[in-house]
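Here's the structure we're looking at; comments come further down.
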Amino acid sequence: MKRFNKYAIYEVMAPLVGFAASMALLMLIVVIVGENPGNAVDAIWKMTFATSTRTATVLSTSVPLFLAGLAVAFAFRANIFNIGVEGQYFIGGLVGAMAGIYVPLPAFLHIPFVVIAAMIGGALWAAIPAALKVSRGIHEVITTIMFNNIALALVNYLVNGPMSGLGATGSLEPQTRHILPTALFGNIDWMFRAVGWNVPDSVYLDYSLPVAVLVGLLVWFILFRLRIGFDVRAVGTSTDVSLYAGIKVAKVQLGAFLFSGALAGLVGLQEIFAVRGYYTFQIASGLGFDGIAIALIGRNSPVGVAFAALLFAFLRQAGYGLQFFTKVPNSVISVITGLMILIIVVSNELVSRYIKALRKKEAM
């Protein structure tokens, strides 16, 4: 137990060191641009944790980031580099929206139905790169990047063409028909108010939050409590050793790839079913690539990914605070985020090598 705690402390130190170093660099940049560090800290506080509304906004912003990070992390666990989360959530969101528009069901069935439909859409879009990976050895980085572009072009065509709802909505924004009320994600602010947290209705804390929590628990259970999870982690550690141990590596990687795509299909739920109420190809982009950084910082652990998603949401809101209340441009946060990722990845690697050296020394 003492050894486990010692190693766990070392592993936790890497992201903490990265965050502390990044904040120090941020303050240095603040000074360079001629702003008072105290004003910068105050601006960040105002946009993040100063009120219950700001804190709830950070939590709400973290939901799609968490789902994107979880999708990437699960694939990473099986030594799969799924760079296609972007395209998978565009397609998954469209399939889920179609289920919400054209399949009338009572609310208690409709919401789970659209969630499952979005997962199926994401998994199907991941299926071809997955099949090419395990059957032909074609690297998934190439195929998934290509499929991101194809997905964007496809949804652009569908929303502007056969699935367009402009005539029904009267809007000038390319979009589908409006999703049926039974499939929309209602706010769950009342749950937080019941425990004394006064969250306003303007903040989108909706059904996507419990969906994200349940999915996170499911991923943890699969990885650390089921045999298939052991196989996934084994393949991620060493494919050669896994083959020698009798694990069907191709089958495990195929399943992990498809499940990663299914998780990616959930990324757009909040925006489509809670914020907009319809689908448009102009939904937030870039979340798939944010998911890669979040998975790396979270060390591919569901708990780590949750904290990394909250960190990214915090930094995003902090950037708005700097832009609104100081002379520091919002783009500085992008620089700081990139530096933080670099520092944490390097720190993780150094810590991993140090832990291996310690274990080797203790084993002698």
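The values are calculated or read from the model by the stated rules, or taken from the named source; none is laboratory data. Nothing here was measured: the structure is a model prediction, and the numbers come from that model. Glycine gets a Cβ as well: all are built from the backbone with ideal geometry, and neighbour counts include every protein chain shown.
Among all residues of region 237-251, there is none that is under 10 Å from Arg77 (Cβ atoms), buried (at least 17 other Cβ atoms within 10 Å of the Cβ), touching a residue at least 40 places away in the same chain (Cβ under 8 Å) and out of contact with any Asp or Glu (no Cβ under 6 Å at 6 or more places or on another chain). On the stretch given as region 205-215, residues that are surrounded by 20 or more Cβ atoms within 10 Å (Cβ to Cβ) and not hydrophobic (A, V, I, L, M, F, W, C) total 2. If the condition is being assigned to a loop (DSSP other than H, G, I, E, B) and modelled with pLDDT of 95 or more, then region 148-177 contributes no residue at all. Among helices (runs of 4 or more DSSP H) entirely within region 201-285, having at least 2 residues that are within 22 Å of Leu65 (Cβ to Cβ) singles out 208-225, 249-264.
Residues checked against (1) acidic (Asp, Glu); (2) assigned to a helix (DSSP H, G or I); (3) farther than 24 Å from Gly229 by Cα:
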position: Phe19; (1), (2), (3): no, yes, yes
position: Ala24; (1), (2), (3): no, yes, yes
position: Glu35; (1), (2), (3): yes, no, yes
position: Ala43; (1), (2), (3): no, yes, yes
position: Met47; (1), (2), (3): no, yes, yes
position: Thr57; (1), (2), (3): no, yes, yes
position: Phe66; (1), (2), (3): no, yes, no
position: Ala73; (1), (2), (3): no, yes, no
position: Gly87; (1), (2), (3): no, yes, yes
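Would it be correct to say that Ala50 is modelled with pLDDT under 95 and not β-branched (Val, Ile, Thr)? Yes.
Conditions tested, residue by residue: (1) surrounded by fewer than 24 Cβ atoms within 10 Å (Cβ to Cβ); (2) under 30 Å from Val195 (Cβ atoms); (3) in contact with a helix residue (DSSP H, G or I) (Cβ under 8 Å, 6 or more places away or on another chain).
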| site | (1), (2), (3) |
| --- | --- |
| Ala68 | no, yes, yes |
| Ala75 | no, no, yes |
| Ala78 | no, no, yes |
| Val85 | no, no, yes |
| Pro104 | yes, no, yes |
| Ile111 | yes, yes, yes |
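Those residues that are surrounded by 11 or more Cβ atoms within 10 Å (Cβ to Cβ) and in contact with a strand residue (DSSP E or B) (Cβ under 9 Å, 6 or more places away or on another chain), I need them from region 190-202; list them, please. Passing the criteria: only Val199.
For (1) out of contact with any Asp or Glu (no Cβ under 6 Å at 6 or more places or on another chain); (2) on the phi > 0 side of the Ramachandran plot; (3) surrounded by fewer than 17 Cβ atoms within 10 Å (Cβ to Cβ); (4) at pLDDT 95 or above, each residue gets a yes or a no:
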site: Leu269; (1), (2), (3), (4): yes, no, no, yes
site: Ala309; (1), (2), (3), (4): yes, no, no, yes
site: Val328; (1), (2), (3), (4): no, no, no, no
site: Arg359; (1), (2), (3), (4): yes, no, yes, no
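All conditions in (1) within 21 Å of Phe324 (Cβ to Cβ); (2) hydrophobic (A, V, I, L, M, F, W, C); (3) surrounded by fewer than 20 Cβ atoms within 10 Å (Cβ to Cβ); (4) modelled with pLDDT of 95 or more hold for Val58, with the sole exception of (3).
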